[in-house]
1. Treat each spin label as a single point 7 Å out from the Cα along the C-beta direction, and report the Ala136 to Lys102 distance in nm.
2. What pairs in Lys56/Lys129; Lys102/Lys129; Lys67/Lys102; Lys102/Lys166; Lys56/Lys128; Lys117/Lys153 have C-alpha atoms more than 28 Å from each other?
3. Using r as the Cβ-Cβ distance of Thr184 and Thr94, and R0 as 41 Å, what FRET efficiency do you calculate, to the nearest 0.05?
4. Sketch the reach of a paramagnetic label on Asn152 as a point 7 Å from Cα along Cα-to-Cβ, and name the residues of the range 92-122 whose backbone nitrogen lies under 15 Å away.
5. Which trypsin sites (Lys or Arg not before Pro) in the range 55-113 pass both tests, a DSSP loop state and at most 16 other beta-carbon atoms within 10 Å?
6. Using θ = phi - 60° and the Karplus form 6.51 cos²θ - 1.76 cosθ + 1.60, what ³J(HN,Hα) does each residue of the range 71-84 get, whole Hz, x for Gly and Pro?
Amino acid sequence: MYINLHSSLKEIIMMLIGMLIGSLMLSCLDSLYIQNVQTFQYFGKSGTGKVIAAEKNAVAFSAILSKDITVGGKEVVKYDSVLTNVGGSYNKSTGIFTAPFKGIYTISCSLLSSTSKYVNLDIMKNGKKLSIVFSASGINPHSAQTLQLLLNKGDRVWIQNHSRIKAILHDHGSYNLFSGVLITQI
């Protein structure tokens with residue numbers, strides 16, 4: 001009985017930690033966007049948008065999964081629910097962000113996989129793997145990766161399944177996120 005209680009408590013703690021990390025990451029990204037945004041719209045509980053700031057040549061995008069999806073081997077993840085797309089550089093049909101200006105960008109990816117299988121996602125730039133986001137199997141296996149990248153105008157960045165076999169991604173609380181923001185033009 002002690003082992004089962006201990007195991008359940010551990011699962012609850014892991015779930016709460018995963019929820020906290022996801023919430024903190026989204027909160028930090030929201031703050032960053034507000035500082036460097038052309039026409040950032042904040043979508044609250046009501047779903048209505050309001051303009052928060054305006055800056056020339058600002059770029060910011062944030063997209064999540066609206067439902068559980070299965071991604072084929074080496075397939076690009078298409079984050080279908082776009083929260084922000086200032087500058088229109090993220091294409092939800094392809095899942096690809098194209099840099100409109102040469103500059104330094106922050107690119108982030110968070111991942112929540114199925115509880116039964118681990119998942120590796122690659123952060124890709126122009127066909128080259130830059131980094132891996134790993135989510136282990138188990139209760140609420142959540143992870144995230146953030147990179148600062150020098151991108152040239154026209155460079156393409158996307159997230160893809162690392163494996164040659166399919167992967168299951170969950171939408172639980174918008175944990176699967178792909179986002180980016182232009183920090184400064186060069």
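Just so it is clear, none of the values below were taken in a lab; they were calculated from the coordinates. Model, not experiment: these values are computed from the prediction. In this analysis, Cβ positions are derived from the backbone assuming ideal geometry, glycine residues included, and neighbour counts consider all displayed protein chains.
1. 4.3 nm
2. Lys56/Lys129; Lys67/Lys102; Lys102/Lys166; Lys56/Lys128; Lys117/Lys153
3. My answer for the efficiency is 0.95.
4. Those under the cut-off are 99-104.
5. Listed in order of number, the matching sites are Lys56, Lys67, Lys74, Lys92, Lys102.
6. In residue order, the calculated couplings are 10, x, x, 6, 7, 6, 7, 9, 6, 8, 9, 8, 8, 8 Hz.
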